[in-house]
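The values are calculated or read from the model by the stated rules, or taken from the named source; none is laboratory data. Predicted model only: the values in this text are computed from it and were never measured. A quick note on method: Cβ atoms are made from the backbone with ideal geometry, for glycine too, and the neighbour counts reach across all protein chains shown. Heads up: the accessible areas ignore ligands, DNA and RNA and are worked out on the full protein's heavy atoms, side chains in. Shrake-Rupley method; radii C 1.70, N 1.55, O 1.52, S 1.80 Å.
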Amino acid sequence: MAEDGVIRTACPRAGYGGEAILAHVEGGRLVKVEGDPDDRFTRGRLTPFAERYVERVYSKDRLLRPLVRKGGRESDLEEATWDEALDRIAEALRRVARKQDPRAVLHYAAHGHDGVRTQFGGLFLSYFGGWSTVYGDLCTAAGLEATRLTFGTLMHHAPEDYAFSRSIVVWGKNPAVTNPHQVPFLKAARKKGCELICIDPIRTETAALCDLHVAPRPGTDGFLANSLACVIVEEGLFDADFVEKHVHGFEDYRWMVLHSEPKKAEEICGIPAKEIEALARRLAERRPGNVNVGFGAQRYRNGGQTVRAIAALQAILGNIGVNGGGFDYFNQSAFVTRPFPFRLPAPPRVRQLGPASRFGRVVLSAQDPPVTAAILERCNPMTQTPNTAAVHYALQRLEFLCVVDLWMTDTAQRADVVLPAKSMFEETDLVAGPWDGVLRLKRKCIDPPGEARAERDIYRGLAERFGYPLDQFDLDAEDMLDRVLPAGLSVNRLKKQSFVRRGPKVVPFADRKFATPSGKIELRSETAEVSWRVDPLPFYTPPRENPQSDPERFKRFPLQLITPKCRDRHLSQGALEGGTGATARIHPDDAAARDIAEGDAVRVFNDRGEARTSAKLDENVRPGVVVLPQGRWIKRDGFSVNVMTHDDVTDMGYGAIFFDCLVQVEKTSS
């Protein structure tokens, strides 16, 4: 039984940087959440998403009891006991084991509320004899690999270090929505004279806070970065001493960028050459400068090379290893835990089917054995994975599907068994912040309402039915966490204070040591060429769907679809009443050309699918672009943007190309 009082905990998903929370519990119920005023980064603030946590925990739409189809796939889901639900799952798994290889079972767990205590599915399936899964990451993969190839490791400057920055470029990122805790640090830097620059096809809430907004054509950021470098190199504005000592491949890089003239960039990126030249000189003048790159910049087929090109700018300007500088994409400083050392009956037999972004396609094409059953947890592929049609057919073809979730999502609707999951307040675990580099303890505050259960309890129940040893499923939560923490860290210590590996005065790469093959920042990467078959230099290639790469397709579908996050949801989580509407934002000129007025019913479509909604005329959207928010459910909102996206992968890292998508918009009668 959870104790009453004010409990210090953390949220793994409310913002890109994590969330320090004080949870108020009375009578075993969560009654209030507020920000922790003692947290160095959040400073007592909560994101809009986190402010609604009490409402989410006790939502009338939350699943509280197991649901089972008792009459086949066409019958309705009905409430069942846990014994009935677990017996049904065990029966389906035994059927798979009798007929074919255990790897006919797909187990896919994404990042919703993940942690150390969510690893019991792998333990159970190791005893079962194996399973299939998918690899890669839908959100960050190309940028992670590009940063690693360039610098060797992924580290951020502390946000307090912005005080030393003379310029900060926020590139393909909207922290006002995705990481509100970063915004006060940006505002404070600007107040001290730092120039804020936003590069984004949309004039976002963050762009409105900046001194300059640059809006390139979607997917051309890599050529823009190389064109900025062209000016910097040609005019001798680079840091020659830093380049000579700490940069590998500069001479080849110099040759490449000198062929990326601003006049050519004007044609490709849609930005006047004089503006590109002025921006390049401004970046060179206002050093030291920080660059914050968001996930949006790498959600195209050329995403990895784009991030490498942006990172190269910081290298030639000497903005690495100095106060006020830095290339900030993803901070792995807090990722210090080890995988839990489960004792397994044998080495895991895991079949990797293919990239997560091709979920539907790889599940449908699996052979020897084909995938016939699946357990999905902490994910909603019907909404969040590209090529919704393929995902739908893959799930429909399964003989058995089990979904573990808090909500009746579009994916759960297609399941044979739906199990009610715990929320983040209902189990103790660890949370590592990929922005602030903080490791926080997510403490259990309340017991799960209704009959909801944690993953450990679910897989323990299945293990019991198969006669597997239960001792590891019964491990104490805090003991488990202590065993994965590095020396000197413990759960008791984290209860008192979060762990920050690098203090506010620590500057990444100040020692000029880079974990790359050359020991330097690599503008030329032979590893990139060998591992990913891309140019060893950050050479620009057009996106998959673009006027350059596919002019015939562009004639049919002349608008670029961008599907950003929004305030009221984290990915597909948070679909509560009272959220923002899912309108199609379009520039007034593009709307006028289609006889579309404010509020008109419209169809956004291509040859893969369509979304029907209403139009919002918005001059903040670049001409040639239409914006629809991601995370919408087919069941609740009437569409998912991923009915239109392609399931190709990024040039490195096996990421998804959500923004690499051409569409058309037309007015409809309803």
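Within region 467-493, how many residues are more than 26 Å from the chain's Cα centre (by Cα), closer than 17 Å to ARG440 by Cα, not acidic (Asp, Glu) and not in a loop (DSSP other than H, G, I, E, B)?
Final tally of qualifying residues: 6.
For region 428-440, give me the residue count where each residue is closer than 21 Å to PHE120 by Cβ and touching a Gly at 6+ places or on another chain (Cβ under 8 Å).
Within region 428-440, residues that are closer than 21 Å to PHE120 by Cβ and touching a Gly at 6+ places or on another chain (Cβ under 8 Å) number 4.
Let me spell it out: the conditions are (1) outside any loop (DSSP other than H, G, I, E, B); (2) open to solvent by 10 Å² or more (accessible area, probe 1.4 Å), and THR153 meets all of them except one. Which number is the exception?
The failed condition is (1).
I need a count of the residues in region 538-572 that are in a loop (DSSP other than H, G, I, E, B) and either touching a helix residue (DSSP H, G or I) at 6+ places or on another chain (Cβ under 9 Å) or at pLDDT 95 or above (or both).
22
Of the residues that make up region 302-321, is at least one of a type outside the set (Ser, Thr, Tyr), open to solvent by 40 Å² or more (accessible area, probe 1.4 Å) and either at pLDDT 95 or above or farther than 30 Å from ALA463 by Cα (or both)?
Within region 302-321, not a single residue is of a type outside the set (Ser, Thr, Tyr), open to solvent by 40 Å² or more (accessible area, probe 1.4 Å) and either at pLDDT 95 or above or farther than 30 Å from ALA463 by Cα (or both).
Residues that are open to solvent by 10 Å² or more (accessible area, probe 1.4 Å) and in contact (Cβ under 8 Å) with a residue 40 or more places away in the chain: does region 224-232 have at least one?
no
Here's a check for you: in region 287-313, which residue that is of a type outside the set (Gly, Ala, Ser) and in a helix (DSSP H, G or I) is farthest from ASP660 (Cα to Cα)?
Applying the filter and picking the extreme gives LEU313.
Return the residues of region 610-642 that are aliphatic (A, V, I, L, M), touching a Phe, Trp or Tyr at 6+ places or on another chain (Cβ under 9 Å) and outside any loop (DSSP other than H, G, I, E, B); say none if nothing qualifies.
Residues of region 610-642 that are aliphatic (A, V, I, L, M), as a first pass: 611, 615, 617, 621, 625-628, 634, 641.
The next check asks that each one be touching a Phe, Trp or Tyr at 6+ places or on another chain (Cβ under 9 Å); those that pass are 611, 628, 641.
Scanning region 610-642 gives ALA611, VAL641.
Go through region 334-382 and count every residue that is within 25 Å of ALA415 (Cβ to Cβ), of a type in the set (Val, Ile, Thr) and either in contact with a Lys or Arg (Cβ under 7 Å, 6 or more places away or on another chain) or open to solvent by 40 Å² or more (accessible area, probe 1.4 Å) (or both).
1
For residues that are of a type in the set (Gly, Ala, Ser) and closer than 18 Å to ALA280 by Cβ, scanning just region 240-261, find the one that is most open to solvent (accessible area, probe 1.4 Å).
ALA240
All but one of (1) part of a helix (DSSP H, G or I); (2) under 19 Å from PRO159 (Cβ atoms); (3) open to solvent by 10 Å² or more (accessible area, probe 1.4 Å) hold for GLU205; state the number of the condition that does not hold.
(1)
What residue, of GLY467, GLY503, GLY450, GLY488, is on the phi > 0 side of the Ramachandran plot, open to solvent by 20 Å² or more (accessible area, probe 1.4 Å) and at pLDDT below 95?
GLY488
Which of the residues that make up region 9-34 are in a strand (DSSP E or B), modelled with pLDDT under 95 and open to solvent by 10 Å² or more (accessible area, probe 1.4 Å)?
None - no residue of region 9-34 is in a strand (DSSP E or B), modelled with pLDDT under 95 and open to solvent by 10 Å² or more (accessible area, probe 1.4 Å), so the list stays empty.
For region 506-535, name all the residues that are in a helix (DSSP H, G or I), open to solvent by less than 60 Å² (accessible area, probe 1.4 Å) and not hydrophobic (A, V, I, L, M, F, W, C).
Hit for region 506-535 is THR527, nothing else.
What about LEU67, is it closer than 19 Å to LEU419 by Cβ, crowded, with 20+ Cβ neighbours inside 10 Å, of a type outside the set (Asp, Glu) and in contact (Cβ under 8 Å) with a residue 60 or more places away in the chain?
yes
Within region 156-196, which residues are of a type in the set (A, V, I, L, M), under 22 Å from VAL621 (Cβ atoms) and part of a strand (DSSP E or B)?
Within region 156-196, VAL169, VAL170, LEU196 meet the criteria.
Does LEU186 satisfy the criteria of being out of contact with any Asp or Glu (no Cβ under 9 Å at 6 or more places or on another chain) and buried (at least 19 other Cβ atoms within 10 Å of the Cβ)?
The answer is yes for LEU186.
Give the residue that is surrounded by the most Cβ atoms within 10 Å (Cβ to Cβ), with candidates limited to residues of region 423-447 that are in a loop (DSSP other than H, G, I, E, B) and small (Gly, Ala, Ser).
GLY433
Please enumerate the residues belonging to region 78-113 that are within 17 Å of LEU376 (Cα to Cα) and among the aliphatic types (A, V, I, L, M).
ALA85, LEU86, ILE89, ALA90, ALA92, LEU93, VAL96, ALA104, VAL105, LEU106, ALA109, ALA110
For region 262-284, enumerate the residues that are surrounded by fewer than 17 Cβ atoms within 10 Å (Cβ to Cβ) and assigned to a loop (DSSP other than H, G, I, E, B).
PRO272, the sole residue that qualifies.
Given the structure, is GLU464 more than 23 Å from the chain's Cα centre (by Cα), within 19 Å of ARG88 (Cα to Cα) and in a loop (DSSP other than H, G, I, E, B)?
no
For region 596-655, give me each residue that is of a type in the set (Asp, Glu) and either surrounded by 22 or more Cβ atoms within 10 Å (Cβ to Cβ) or under 27 Å from ALA412 (Cα atoms) (or both).
Taking region 596-655 and keeping what is of a type in the set (Asp, Glu), we get 598, 600, 607, 610, 618-619, 637, 647-648, 651.
Result: ASP607, GLU610, ASP637, ASP647, ASP648, ASP651.
Somewhere in region 407-417, is a residue open to solvent by 10 Å² or more (accessible area, probe 1.4 Å), aliphatic (A, V, I, L, M) and under 24 Å from TYR53 (Cα atoms)?
Yes: region 407-417 contains one or more residues that are open to solvent by 10 Å² or more (accessible area, probe 1.4 Å), aliphatic (A, V, I, L, M) and under 24 Å from TYR53 (Cα atoms).
Six or more apart or on different chains, Cβ atoms under 6 Å: show the pairs whose first residue is in region 361-376 and in a loop (DSSP other than H, G, I, E, B) and whose second is open to solvent by 50 Å² or more (accessible area, probe 1.4 Å) and modelled with pLDDT of 95 or more.
THR372/GLU399
The rows are residues; the columns are (1) more than 33 Å from the chain's Cα centre (by Cα); (2) outside any loop (DSSP other than H, G, I, E, B); (3) at pLDDT 95 or above.
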{"site": "LEU64", "(1), (2), (3)": "no, no, yes"}
{"site": "GLU84", "(1), (2), (3)": "yes, yes, yes"}
{"site": "ILE89", "(1), (2), (3)": "no, yes, yes"}
{"site": "ALA92", "(1), (2), (3)": "no, yes, yes"}
{"site": "TYR108", "(1), (2), (3)": "no, yes, yes"}
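I need the full set of residues from region 70-115 which are open to solvent by less than 20 Å² (accessible area, probe 1.4 Å) and out of contact with any strand residue (DSSP E or B) (no Cβ under 9 Å at 6 or more places or on another chain), in order please.
ALA90
Of all residues in region 529-562, which are aromatic (Phe, Trp, Tyr) and more than 26 Å from the chain's Cα centre (by Cα)? Steps first, please.
Applying the first criterion (aromatic (Phe, Trp, Tyr)) to region 529-562 yields 532, 539-540, 554, 557.
PHE554, PHE557, listed by residue number.
Is it true that some residue in region 127-141 is open to solvent by less than 10 Å² (accessible area, probe 1.4 Å), touching an Asp or Glu at 6+ places or on another chain (Cβ under 6 Å) and of a type outside the set (D, E, K, R)?
Taking every residue of region 127-141 in turn, none turns out to be open to solvent by less than 10 Å² (accessible area, probe 1.4 Å), touching an Asp or Glu at 6+ places or on another chain (Cβ under 6 Å) and of a type outside the set (D, E, K, R).
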